[in-house]
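Quick note: the coordinates plus some simple rules give every number you see, no bench work behind them. Values in this document were obtained by computation on a predicted structure and should not be read as measured data. Note that we place each Cβ from the backbone using ideal geometry, even for glycine, and neighbour counts take in every protein chain shown.
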């Protein structure tokens, strides 16, 4: 048991060095664009830590997703809502620990994710528009996933966030987004689901 815990601790340390994003304060780093559409083409959402499912002996390390297949113009009237639906490529690592498997195994992932985000204009202050933004769909599944394992955004815990769009000179805009994403995992093909122990901050960054 001590050896297994030491191995998990070592695995946790290595991927976290590649994580980025701000925990508090400004939403930086963000991206600068001319035409504002969400999600921003050419950018990525990156996780700041790992999704941990201890009871299932599974950890999904701070992945990122980008290469969005579609985007939507944000609403222009306060209180108005639009929903952006798209597919993105998710990149990360899925680690299974005993007793789920005989010995720890790491699965590098590059898998399509079906996604949707709900965007509501909440306020306008000077050159900055602020949007309440919620990730309402996030589904990972496919042939590169371990057999029986699927991942989804929790239908019971809101993955809420905020987006700001600030007008800059020269017709450009600065877009900053962050979500606190709650995921669930199934190891039996979707018959039963298990909530992660923690939400993970996802931030919009240049690719």
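Descriptive notes on the structure:
- Distance-filtered residues of region 180-198 - backbone nitrogen under 13 Å, label point 7 angstrom along residue 156 Cα→Cβ: 183-185, 192-197
- When the P(r) is computed for the chain, the part past 30 Å accounts for 24% of the Cα-Cα pairs.
- Normalised by the number of residues in the chain, the mean separation of alpha-carbon contacts (under 8 Å, six or more apart) gives a relative contact order of 23 percent.
- Calculated FRET efficiency for the pair residue 103/residue 55, C-beta based, R₀ 22 Å, to 0.05: 0.70
- Fully extended contour minus Cα-Cα distance, from residue 145 to residue 87, at 0.36 nm per residue: 19.2 nm
- Only helices enter this figure: runs of n ≥ 4 DSSP H residues, each worth -39500 (n - 2.57), summed and divided by the residues of the chain, yield -2500 deg cm²/dmol at 222 nm to the nearest 500.
- Taking the centroid of alpha carbons for each part, region 93-135 and region 146-201 are 3 Å apart.
- For region 131-207, the spread of Cα positions along the three principal axes, ordered from largest to smallest, is 52, 26, 16 Å.
- C-alpha long axis of helix 2-16 to longest principal axis of the chain, angle in °: 20 degrees
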